[in-house]
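K.L.:
Could you have a look at this structure, given as structure tokens, before my questions?
The values are calculated or read from the model by the stated rules, or taken from the named source; none is laboratory data. Every value quoted in this text rests on a predicted model; they were computed, and no experiment measured them. Neighbour counts run over all protein chains shown; Cβ positions are idealised from the backbone, glycine included. Remember, those area values only see protein heavy atoms, side chains included, never the ligands or the DNA or RNA. Shrake-Rupley method; radii C 1.70, N 1.55, O 1.52, S 1.80 Å.
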Amino acid sequence: MTPVEKSDAEIVCLVDDDPLVLRSTGLLLASEGFAVRQFDKGEDFIAYVGAHEVPLVVLDIWMEEMTGLEVLARLCAMSPQTHVVVITGREDTAARITATQIGTVAFLIKPFDDEQFLEVVHRALGHAPESSSRKPSLSAPDLVRIS
């Protein structure tokens with residue numbers, strides 16, 4: 001969890017086995033006012049989902065023990081209303097197709113552009129970013145193509 005968190009902040013879960021990605025992406029999300037829940041193992045996130053409502057998860061695909069695709073399959077069964085943004089360190093066409101077919105909001109390749117990432121997160125949660133200095137809005141079909 002982030003050190004400073006508003007009680008009414010929207011929760012975004014972040015699942016990645018890379019501590020640097022957890023830290024940097026967590027800080028980026030917190031800077032936008034989100035309450036960030038960080039998990040370095042898919043199993044821990046799935047346990048959390050069993051007891052909490054999760055509006056959005058940012059999910060790494062290539063993790064040890066339980067891959068992001070395995071997490072995604074279990075998440076869809078447990079919490080089909082949860083929106084998913086997939087992040088990965090390498091392009092994988094099969095993983096992209098699978099994730100897109102399951103219904104992810106976006107599939108982003110690390111390192112990704114912070115502004116594009118935040119735009120995707122805001123869109124997934126059903127609202128536009130607060131700052132008017134952001135890049136032009138992306139349409140839903142564009143979100144699938146971001147890489």
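K.L.:
Scan segment 59-81 residue by residue and report those that are part of a helix (DSSP H, G or I) and within 24 Å of Phe112 (Cβ to Cβ).
P.N.:
Within segment 59-81, Gly68, Leu69, Glu70, Val71, Leu72, Ala73, Leu75, Cys76 meet the criteria.
K.L.:
Pairs under 8 Å by beta carbon, first residue assigned to a loop (DSSP other than H, G, I, E, B) in segment 22-38, partner of a type in the set (Val, Ile, Thr) and open to solvent by less than 30 Å² (accessible area, probe 1.4 Å), six or more apart or different chains?
P.N.:
Taking only residues 6 or more apart or on different chains, the pairs are Glu32/Val121; Phe34/Val12; Phe34/Val121.
K.L.:
Which of (1) at pLDDT below 95; (2) within 18 Å of Ala9 (Cβ to Cβ) is the odd one out, the single condition Lys135 does not satisfy?
P.N.:
If we test Lys135 against (1) at pLDDT below 95; (2) within 18 Å of Ala9 (Cβ to Cβ), just (2) comes out false.
K.L.:
Is at least one residue of segment 39-59 closer than 17 Å to His122 by Cβ, open to solvent by 80 Å² or more (accessible area, probe 1.4 Å) and among the basic types (Lys, Arg)?
P.N.:
There is no residue in segment 39-59 that is closer than 17 Å to His122 by Cβ, open to solvent by 80 Å² or more (accessible area, probe 1.4 Å) and among the basic types (Lys, Arg).
Listed here are the residues, each with its yes/no results for (1) modelled with pLDDT of 95 or more; (2) among the hydrophobic types (A, V, I, L, M, F, W, C); (3) in a helix (DSSP H, G or I).
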| site | (1), (2), (3) |
| --- | --- |
| Val4 | no, yes, no |
| Leu14 | yes, yes, no |
| His52 | yes, no, no |
| Val57 | yes, yes, no |
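K.L.:
Do you know which of the residues in segment 76-99 that are within 24 Å of Glu10 (Cα to Cα) and over 13 Å from the mean Cα position of the chain (by Cα) is surrounded by the most Cβ atoms within 10 Å (Cβ to Cβ)?
P.N.:
Ser79
K.L.:
Which pairs do you get when a residue that is in contact (Cβ under 8 Å) with a residue 24 or more places away in the chain and within 22 Å of Val71 (Cβ to Cβ), found in segment 104-115, comes within reach of a residue that is of a type in the set (D, E, K, R) and outside any loop (DSSP other than H, G, I, E, B), reach meaning Cβ atoms under 8 angstrom, with the pair 6+ apart or on two chains?
P.N.:
Sorted first by the residue in segment 104-115, then by its partner, the pairs are Val105/Arg123; Phe107/Arg96.
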